[in-house]
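One structure is given below, encoded as structure tokens.
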Amino acid sequence: ELQGLEERHKNILVITLPADGGYLSQARTSRRTPNITVFSAREKMIEETFAVLLEGKQSDLVNSLHMSDKAKKAVFSTGQPNENLDLAIRKKVRELINRSCVELGLNDNSQQISPAEEQAIFFHFIKFELTNFVLEKTKPDTFNISCKDAIDRGGVGSAYYNLMKSLELRAPLSEQEFFRALHAAPALVKGRSMNHHVLLIWNAVNAYTAKNKQAPDWLKTWCVKNNPQGKADISQEAEFKLKDLV
């Protein structure tokens, strides 16, 4: 139904981004034994993304990624005469995944990284670099990062984008604003905090704060407090109080 909006309204784009499974599997957050070089991991991620985005292939690692021809042209076309759109997409996707590696300090080609670190790179690529590029290129009057209930998959995407954008603009969210971004929507809709997707955002933010020493102190503390290693309940659900959002 959402995709059909593109067909009926020339000024609307509907883009489906990966949110769960594959690189974004919950299981990856606890798999911290290095087993692949940055170079191999990055190239595999790039090729998997190309295969899905350009060739429409199924992928166990990059699932639920979809852009219509209309959306791909609006997002990736440079407007050059006789442009090869596929090549333009390849160039930009490679650039954005490379940038994700750099931003998380995982860009030494020979460095061995873990499945959790692979996830952090892909999470940052999807939730910030690609999202940010789409918004800067299309300059929409408004946009919405959503899922069925807009509380977990959509909520974590929105929270991470807004956090990273605030850091880019050097006007970082406060701890309370970030807490609300994560937990207010699920609290209102289902009376609980964000589900396992809070683990995915922790994994990416933890990698970011390790590389970027200028990150706010409260964000570094949040990463330490929510480190899943050795905890049965690694999210804030056990201590979550709805009154904290009031």
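The values are calculated or read from the model by the stated rules, or taken from the named source; none is laboratory data. Predicted model only: the values in this text are computed from it and were never measured. Quick reminder, even Gly has a Cβ in these numbers, built from the backbone with ideal geometry, and neighbours come from all protein chains shown. Protein only, heavy atoms only, side chains kept; ligands, DNA and RNA dropped before computing areas. Shrake-Rupley method; radii C 1.70, N 1.55, O 1.52, S 1.80 Å.
Computed quantities for the displayed model
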item	result
Electrostatic dipole magnitude of the chain [Cβ: Lys, Arg +1; Asp, Glu -1; Cα centre; debye, to 20]	260 debye
Cα long-axis angle, helix 153-168 against the chain (0 to 90 degrees, to the nearest 10)	90 degrees
Part-to-part distance (alpha-carbon centres) for region 70-87 and region 148-195, which is given in Å	32 Å
Whole-percent carbon and sulfur share, accessible surface of region 3-139, 1.4 Å	48 percent
Over region 145-203, equivalent-ellipsoid semi-axes from the Cα gyration tensor in Å	19, 11, 10
Shape call, region 2-80: gyration tensor on alpha carbons, a/c limit 1.5	prolate
Longest exposed-site-free window of the chain, the sites being trypsin sites (Lys or Arg not before Pro) in a DSSP loop that have at most 12 other C-beta atoms within 10 Å	58-147
Point-to-point label distance, H9-T142, nm (Cα→Cβ direction, 7 Å offset)	0.9 nm
Rounded, prolate or oblate (a/c below 1.5 giving rounded, otherwise prolate when a/b exceeds b/c) for the chain by Cα gyration tensor	oblate
Neighbour net charge for V156 - beta-carbon separation under 13 angstrom, K R +1, D E -1	-1
Over the chain: helical MRE at 222 nm, DSSP H runs n ≥ 4 each giving -39500 (n - 2.57), nearest 500	-16000 deg cm²/dmol
